[in-house]
Amino acid sequence: MKGEPKHEGQIDVATDIQLMDRFEGCLLGAALGDAVGAPYEGGLLGGLAWAIVGFGKGDLLRWTDDTQMGMGLAESLVECRGLDADHLARRWADRMELTRGYGPGTSKLLRRIKAGEDWRVANKSVFPDGSFGNGAAMRAAPIGLFYHRDAEQLRRAAETSSSITHAHPLGIEGGLLIARAVSLALDAALPAEEFLDTLHSFCSSEEYRGRLVLVKNSLGGDPDPAWARRSLGCTIRAHESAVTAVYVFCHFRDHFKRMMEFIIKMGGDTDTIGAMAGGLLGAHQGRSALPPELLDRLETRDSIASLARALHDCPDRP
Ligand code: F2R
Ligand code: MG
Ligand code: MG
């Protein structure tokens, strides 16, 4: 891909029209990955719970907390023309719908924020050292889009938005990793090795860096769900799922359906790995890479697409 000459912290991206398409692809891909993975999250029991919640919704692909929080973040970025942590905390607390299947810690602390507690206190109220769940990573795509041109602003915004609910360093690092990965995925010509090296130097803990090395070593071989489950993880912990989404993206970067089949075969946190990997695939390939027959069934598809366009058009986007 040709573009402006690169400056520090800046990446080559597409023309404006292509970029708008990738913003749409990213938010729609994340919502679709979430919705397609949701019935399989947590195996048979999780699937049964999700079927009961969705009973009567027919053929609709319903998304979960991953998309609810991601859309809240995108809306807040557009309305505030950048990250305003207090506004964002209130938005998440006001919009929480329990039937979307929130993480236990996140739902408790959002209730406290709704009742008036400052997020800087609430974020250590459930786990004294903060949460290392993947709730910050699963919703980080809008940060990656909004700040894709400036890696340092992206880092600060990802850290702050993650800390509102996930104060543990490993929880925050999951948000950082996915936001940065989305920003890099917008460059359709970026080689997978360079993508992984940049993420490796952006991360600080061995939990993430070690797994990224494993992903790099896996390039060129066949993706293996049993190996990924064992070596990278597919749990609701950030460090055992965010790099896994990067791995899945690297191996299926232009095939959404095969990617979701692999994620479902791997098991565990299928909606969240689907949301993170789906956002990466959509950012990389644009909206047209998402299967139309699935997109047609996606809940609130048009409002997600229009929010992506508003994020793209936001006047203060760096
Ligand atoms: N909640 C779910 N899935 C279960 C219900 C779905 C079912 N299909 C239904 O419809 O009912 N999924 C969502 O939760 C995950 C994101 O969770 P989040 O927001 O990170 O929550 P939390 O509670 O902060 O962290 C998750 C768990 O990780 C462990 N943990 C985290 N920090 C810890 C710490 N410092 N010490 C010890 N344990 C810690 C705890 O077990 C937390 O509960 C996504 O999958 C999303 O889809
Ligand atoms: Mg979910
Ligand atoms: Mg999940």
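The values are calculated or read from the model by the stated rules, or taken from the named source; none is laboratory data. Since the model is a prediction, treat every value here as computed from it, not as a measurement. Don't worry about glycine lacking a Cβ; one is built from the backbone with ideal geometry, like all the others, and counts go over all protein chains shown.
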Complete set of residues in region 174-201 that are touching a Lys or Arg at 6+ places or on another chain (Cβ under 7 Å), in a helix (DSSP H, G or I) and closer than 22 Å to THR272 by Cα: LEU176, LEU196, LEU199, HIS200
Residues of region 202-228 that turn out to be part of a helix (DSSP H, G or I) and under 19 Å from the mean Cα position of the chain (by Cα), as a count: 8
Sole residue being within 16 Å of ligand 3 (Cβ to nearest atom), at positive phi and either at pLDDT 95 or above or surrounded by 18 or more Cβ atoms within 10 Å (Cβ to Cβ) (or both), chosen from GLY101, GLY46: GLY101
Near pairs, Cβ below 7 angstrom, 6+ apart or cross-chain, from region 143-169 (free of Cβ contacts under 8 Å to residues at least 24 places away in the same chain) to any residue that is assigned to a helix (DSSP H, G or I): ALA158/ILE143; ALA158/GLY175; ALA158/LEU176; ALA158/ALA179; GLU159/ILE172; GLU159/LEU176
Every pair of residues 6+ apart whose Cβ atoms lie under 6 Å, when the first sits in region 34-62 and is farther than 23 Å from ARG258 by Cα while the second is among the β-branched types (Val, Ile, Thr) and surrounded by fewer than 17 Cβ atoms within 10 Å (Cβ to Cβ): VAL53/THR99
Filtered residues of region 54-94 (kept if away from ligand 2 (no atom under 16 Å from the Cβ), modelled with pLDDT of 95 or more and not charged (D, E, K, R)): ALA74, SER76, LEU77, VAL78, CYS80, GLY82, LEU83, ALA85, HIS87, LEU88, ALA89, ALA93
Scope region 252-275; condition among the aliphatic types (A, V, I, L, M) and either over 20 Å from ASP21 (Cβ atoms) or away from ligand 3 (no atom under 13 Å from the Cβ) (or both); matching residues: MET259, MET260, ILE263, ILE264, MET266, ILE273
Residue satisfying all of: in region 104-145; polar (S, T, N, Q) and out of contact with any Ser or Thr (no Cβ under 7 Å at 6 or more places or on another chain); nearest to ligand 3 (Cβ to nearest atom) among these: SER107
Contacts under 9 angstrom Cβ, first residue in region 97-109 being over 13 Å from ASN134 (Cα atoms), partner hydroxyl-bearing (Ser, Thr, Tyr) and away from ligand 2 (no atom under 11 Å from the Cβ), 6 or more apart: LEU98/SER107; LYS108/SER125; LEU109/SER125; LEU109/SER131; LEU109/THR165
In region 143-186, residue surrounded by the fewest Cβ atoms within 10 Å (Cβ to Cβ) [restricted to those that are under 12 Å from the mean Cα position of the chain (by Cα) and within 16 Å of ligand 2 (Cβ to nearest atom)]: GLY175
Criterion (away from ligand 2 (no atom under 16 Å from the Cβ), closer than 27 Å to ALA167 by Cα, without any contact (Cβ under 8 Å) to a residue 40 or more places away in the chain and of a type in the set (D, E, K, R)) met by exactly one of ARG209, ARG317: ARG209
Selection count, region 13-67, where residues are touching a strand residue (DSSP E or B) at 6+ places or on another chain (Cβ under 9 Å), assigned to a loop (DSSP other than H, G, I, E, B) and within 10 Å of ALA275 (Cβ to Cβ): 1
Wholly within region 68-132, helices (runs of 4 or more DSSP H) carrying at least 2 residues that are closer than 27 Å to THR270 by Cβ, within 8 Å of ligand 1 (Cβ to nearest atom) and of a type outside the set (A, V, I, L, M, F, W, C): 104-114
Residue pairs meeting the criteria (Cβ under 8 Å; at least 6 apart or on separate chains; first over 13 Å from ALA179 (Cα atoms), in region 270-282; second among the hydroxyl-bearing types (Ser, Thr, Tyr) and part of a helix (DSSP H, G or I)): THR270/TYR40; ASP271/TYR40; ILE273/THR244
Region 65-97, residues that are in contact with a Gly (Cβ under 6 Å, 6 or more places away or on another chain) and surrounded by fewer than 23 Cβ atoms within 10 Å (Cβ to Cβ): ARG91, ARG95
